[in-house]
Amino acid sequence: MNNQPVLIDLPNLSKEKSLKTLVENRTIYNLNHCELNLFETYESSQLVPLKFNDLVVTSMLRGKKIMHLYDGPGFDYLPGQTVVIPSNVEMKIDFPEATRNNPTQCLALAIDQSKITDTLNFLNERYPKEGNDAYWQLNYQNYFFYNNIDLANTINKLIKECMSTSITKDALADLTLQELLIRIIQTQTAKSIEEGIAIHANNPIREVTEFIKHNLKENINLKSLSDKACMSTASFYRFFKRELGMSPIEYVLNEKIKCAKKLLKNPTIQINEVCYLSGFDDANYFIRLFKKYEGITPKQYQLLFVN
């Protein structure tokens with residue numbers, strides 16, 4: 001688990017001679033149940049319209065866009081971020097920094113509605129969620145989020161299959177599409193919890209995650225969390241990982257690192273104190289784990305906030 005947005009592997013840019021346009025030059029890869037589009041823009045432009053007949057999963061690869069959706073204010077769209085857009089919804093896009101030497105590149109994966117429906121029906125039948133009227137479903141209000149490692153890896157696999165010449169690419173892509181939809185729903189659930197947005201009232205995940213956030217200095221273990229959810233340890237572990245795409249202990253560590261990052265914005269606080277307040281017993285372990293998550297040490301992170 002990494003708290004930074006995870007970048008997707010970069011496909012090659014088109015050769016200059018093959019460009020049909022400098023604004024949203026489009027390369028298409030068709031499969032049975034999806035269409036992968038790679039868009040490249042080489043000059044500054046504003047309010048470029050784009051709409052798909054199917055649900056589309058877009059991920060930014062290079063450069064910067066400003067995305068306009070649902071008549072709301074524009075928002076920056078950068079590498080490491082994904083936007084999910086329902087069918088027949090028009091987006092308008094600004095390219096404030098695009099040049100021949102600094103092009104934007106974005107993928108747009110259009111997915112057949114039949115594939116989405118079949119996948120959700122399969123999940124709801126084989127892996128039903130806890131509580132009445134709780135179902136696997138895409139949340140179209142929660143459409144903009146950072147890529148995590150699992151989501152980025154799944155998108156990378158799908159790009160590879162779409163570009164493959166193998167005779168089995170459609171079969172493998174279908175399996176990866178199913179995985180992608182699961183990853184998106186898990187990412188949306190985690191983002192809703194992070195932002196304090198209510199999820200299904202009967203879903204015990206809400207109470208458990210709130211308990212974790214308010215008891216980071218306590219000895220939180222799988223048994224105590226499963227007791228809080230009134231579930232067996234094995235059932236709770238499967239439930240938690242299904243809902244959020246990570247284990248309960250991974251979630252605990254993630255919350256501790258987020259707490260440490262907030263504390264480190266104070267340039268006068270000591271690293272040992274941050275270690276204790278964010279629920280770690282060993283400073284060396286805390287430093288190693290922080291660097292694994294953030295790519296830099298706690299002290300280096302703290303120095304970013306020194307005026």
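Quick one: would you say L55 is at pLDDT below 95, more than 23 Å from I149 (Cβ to Cβ) and hydrophobic (A, V, I, L, M, F, W, C)? So L55 passes the test. Is there a residue in segment 102-113 that is over 25 Å from Y70 (Cα atoms), over 20 Å from the mean Cα position of the chain (by Cα) and either surrounded by fewer than 20 Cβ atoms within 10 Å (Cβ to Cβ) or not assigned by TED's automatic domain parsing to the domain that holds N254 (or both)? Yes: one or more hits.
A quick yes/no check of all residues on (1) touching an Asp or Glu at 6+ places or on another chain (Cβ under 9 Å); (2) of a type in the set (G, A, S):
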site	(1), (2)
F52	yes, no
Y70	no, no
Q81	no, no
I85	no, no
K92	no, no
A98	yes, yes
T104	yes, no
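Considering (1) of a type outside the set (K, R); (2) closer than 17 Å to Q81 by Cα; (3) modelled with pLDDT of 90 or more, the lone condition that I111 does not fulfil carries the number (2).
Of all the numbered requirements in (1) over 25 Å from I184 (Cα atoms); (2) surrounded by 14 or more Cβ atoms within 10 Å (Cβ to Cβ); (3) at pLDDT below 90, N254 misses one, and that requirement is (1). Can you list residue pairs whose Cβ atoms sit under 9 Å apart, with the first residue in segment 268-285 being within 17 Å of Q300 (Cβ to Cβ) and the second being polar (S, T, N, Q)? Count only pairs 6 or more apart in sequence or on different chains. From segment 268-285, the pairs are I269/Q302; I271/T297; I271/Q302; V274/N266; V274/Q302; A283/N272.
Looking only at residues of segment 66-98 that are among the aliphatic types (A, V, I, L, M) and part of a loop (DSSP other than H, G, I, E, B), we find that the one that is farthest from Q137 (Cα to Cα) is A98. Taken as a whole, the structure places Y135 among residues that are surrounded by fewer than 14 Cβ atoms within 10 Å (Cβ to Cβ), under 21 Å from the mean Cα position of the chain (by Cα), free of Cβ contacts under 8 Å to residues at least 24 places away in the same chain and under 24 Å from D174 (Cβ atoms). Could you check, for segment 106-117, whether at least one of its residues is assigned to a loop (DSSP other than H, G, I, E, B) and not acidic (D, E)? No, segment 106-117 contains no residue that is assigned to a loop (DSSP other than H, G, I, E, B) and not acidic (D, E). Those strands (runs of 3 or more DSSP E) of segment 1-65 that lie entirely within it include none in which at least 2 residues are more than 25 Å from R183 (Cα to Cα), assigned by TED's automatic domain parsing to the domain that holds K115 and within 17 Å of the chain's Cα centre (by Cα).
The values are calculated or read from the model by the stated rules, or taken from the named source; none is laboratory data. In this text, all values refer to a predicted model and were calculated from it rather than measured experimentally. Ideal geometry is used to build each Cβ from the backbone, glycine not excepted, and the neighbour counts take in all protein chains shown.
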